[in-house]
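In what follows, a structure is listed as structure tokens, so that the remarks can point back to it.
The values are calculated or read from the model by the stated rules, or taken from the named source; none is laboratory data. All values reported here derive from a predicted model rather than from experimental measurement. Cβ coordinates were reconstructed from backbone atoms using ideal geometry, including for glycine residues, and neighbour counts include every protein chain displayed.
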Amino acid sequence: MTFDEMGLKSGKTLMLLPGTCCDWQTNFGSVIQKLSEKYHLICVNYDGFDGSDSIFPDMITVTEKIEKYIIDNHGGRLDGAIGSSLGSSFVGQLIQRRKVHIDHGIFGSPDLDQSGKFFAKLQSLLVVPLLTNVTGSEKKRAKTKKKLMELFLMTDEVAEHFMECFSKFSPVSIKNEYYTDLLTHLEDDINVPHTKAHFIYANKMGEKYLKRYKKYFHEPDIREFDMQHEQWLLGAEEYTVPVLKAIDEFMEMPV
């Protein structure tokens, strides 16, 4: 597991937590420079997604490692943490568990799916092969790239970077990450003093996700954007610019 720190040494601390089957270099690559100009960034790559031979164990074990790093290196507190998709589950756990303190938990259009063991196993059996086999042949690769570019308005280069994630990481790590995320539940109406939960709501995902945000967190700050899931991280400035502006506003709010 790796923690790469960069950006303004005197800036507010902002931890970046990537999503399913991703490292921070791919997930946040399009916005690293902009964020580095304003914040002291702590960029996380989980076990199994850090370039080593390690395997992703489970969400709670990784959460504990993140907590230890924050305690050992930042006195147990951060100004902010932003999770992309599955990375938001880590933000939620860090807030809920109260082992460390985060002023601003920023949730990047997550689905926050939760289930029991039976349905988690069933979903994993259906979804994980799709994630790990999309680049199994040149035909599949070309088809996947075309879909990504059409649906998310990705450039050819950005689509290539994201597809690399599907093939460069261990299927075991991807399965463990996906499966244990479904089993790692959030409480209802989480309310931690001096912590604010902010949500980047991509309304093209559907209103059921908006309802989840309001269910799990007490009076969350929700900003709605007319975009697909995490589209602001995929290179299109029409989405990136307003979301980065919202993040700046989140980080300046009193808690």
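Considering each residue of the stretch 221-255, count those that are of a type in the set (Gly, Ala, Ser) and either in contact with an Asp or Glu (Cβ under 9 Å, 6 or more places away or on another chain) or in a helix (DSSP H, G or I) (or both), and give that number.
Number of matching residues: 2.
For the stretch 202-228, give me each residue that is crowded, with 21+ Cβ neighbours inside 10 Å and touching a Lys or Arg at 6+ places or on another chain (Cβ under 8 Å).
Once the filter is applied, which keeps residues that are crowded, with 21+ Cβ neighbours inside 10 Å and touching a Lys or Arg at 6+ places or on another chain (Cβ under 8 Å), the stretch 202-228 yields only MET227.
If GLY11 passes every condition in (1) within 21 Å of LYS196 (Cα to Cα); (2) of a type outside the set (Ser, Thr, Tyr); (3) in contact with a Phe, Trp or Tyr (Cβ under 7 Å, 6 or more places away or on another chain); (4) crowded, with 23+ Cβ neighbours inside 10 Å but one, which one does it miss?
Only one criterion is unmet by GLY11, namely (4).
Of the numbered conditions (1) in contact with a strand residue (DSSP E or B) (Cβ under 9 Å, 6 or more places away or on another chain); (2) without any contact (Cβ under 8 Å) to a residue 60 or more places away in the chain, HIS194 fails exactly one; give the number of that condition.
Checking HIS194 against (1) in contact with a strand residue (DSSP E or B) (Cβ under 9 Å, 6 or more places away or on another chain); (2) without any contact (Cβ under 8 Å) to a residue 60 or more places away in the chain, the one that fails is (2).
Would you mind stating whether LEU17 is over 15 Å from the mean Cα position of the chain (by Cα), aliphatic (A, V, I, L, M) and closer than 18 Å to LYS196 by Cα? Walk me through it before giving the result.
Numbers: over 15 Å from the mean Cα position of the chain (by Cα): no; aliphatic (A, V, I, L, M): yes; closer than 18 Å to LYS196 by Cα: yes.
Judged against the criteria, LEU17 is not a match.
Being farther than 19 Å from GLU5 by Cα and in contact (Cβ under 8 Å) with a residue 40 or more places away in the chain narrows it down to one residue among PHE90, PHE119; which is it? So that I can check it myself, show each step before the final result.
Working: PHE90 fails: farther than 19 Å from GLU5 by Cα.
When all the criteria are applied, what remains is PHE119.
Here are the criteria: (1) hydroxyl-bearing (Ser, Thr, Tyr); (2) surrounded by fewer than 18 Cβ atoms within 10 Å (Cβ to Cβ); (3) closer than 23 Å to LYS68 by Cα. Tell me which single one THR155 does not satisfy.
Just one mismatch for THR155, condition (3).
Here are some residues: ASP72, ASP58, ASP113. Which one is over 18 Å from ASN27 (Cβ atoms), of a type in the set (Asp, Glu), at pLDDT below 95 and surrounded by fewer than 18 Cβ atoms within 10 Å (Cβ to Cβ)?
Going through ASP72, ASP58, ASP113 in turn, the sole match is ASP113.
Could you grab me the full set of residues in the stretch 205-220 that are more than 18 Å from the chain's Cα centre (by Cα) and either among the basic types (Lys, Arg) or part of a strand (DSSP E or B) (or both)?
LYS208, LYS211, LYS214, LYS215
Just to be sure, is ILE174 surrounded by fewer than 17 Cβ atoms within 10 Å (Cβ to Cβ) and either in a strand (DSSP E or B) or β-branched (Val, Ile, Thr) (or both)?
no
Where residues in the stretch 76-110 are among the β-branched types (Val, Ile, Thr) and in contact with a Lys or Arg (Cβ under 8 Å, 6 or more places away or on another chain), which of them is surrounded by the fewest Cβ atoms within 10 Å (Cβ to Cβ)?
VAL100
So in the stretch 138-185, with the set limited to residues that are acidic (Asp, Glu) and within 30 Å of VAL62 (Cα to Cα), which one is farthest from the chain's Cα centre (by Cα)?
GLU160
Just for the stretch 118-133: of the residues that are at pLDDT below 80 and in contact with a helix residue (DSSP H, G or I) (Cβ under 8 Å, 6 or more places away or on another chain), which one is farthest from GLU177 (Cα to Cα)?
The selected residue is ASN133.
Within the stretch 21-39, how many residues are crowded, with 20+ Cβ neighbours inside 10 Å and not aliphatic (A, V, I, L, M)?
Matching residues across the stretch 21-39 total 8.
Among residues belonging to the stretch 177-191 that are in contact with an Asp or Glu (Cβ under 9 Å, 6 or more places away or on another chain) and in contact (Cβ under 8 Å) with a residue 60 or more places away in the chain, point out the one that is surrounded by the most Cβ atoms within 10 Å (Cβ to Cβ).
Once the filter is applied, the top-ranked residue is GLU177.
Need the failing condition index for LYS196 against (1) of a type in the set (D, E, K, R); (2) crowded, with 18+ Cβ neighbours inside 10 Å; (3) under 30 Å from ILE55 (Cβ atoms), just the number.
(3)
Scan GLU238, GLU224 and give me the residue that is in contact (Cβ under 8 Å) with a residue 12 or more places away in the chain and of a type in the set (Asp, Glu).
From the options GLU238, GLU224, the qualifying one is GLU224.
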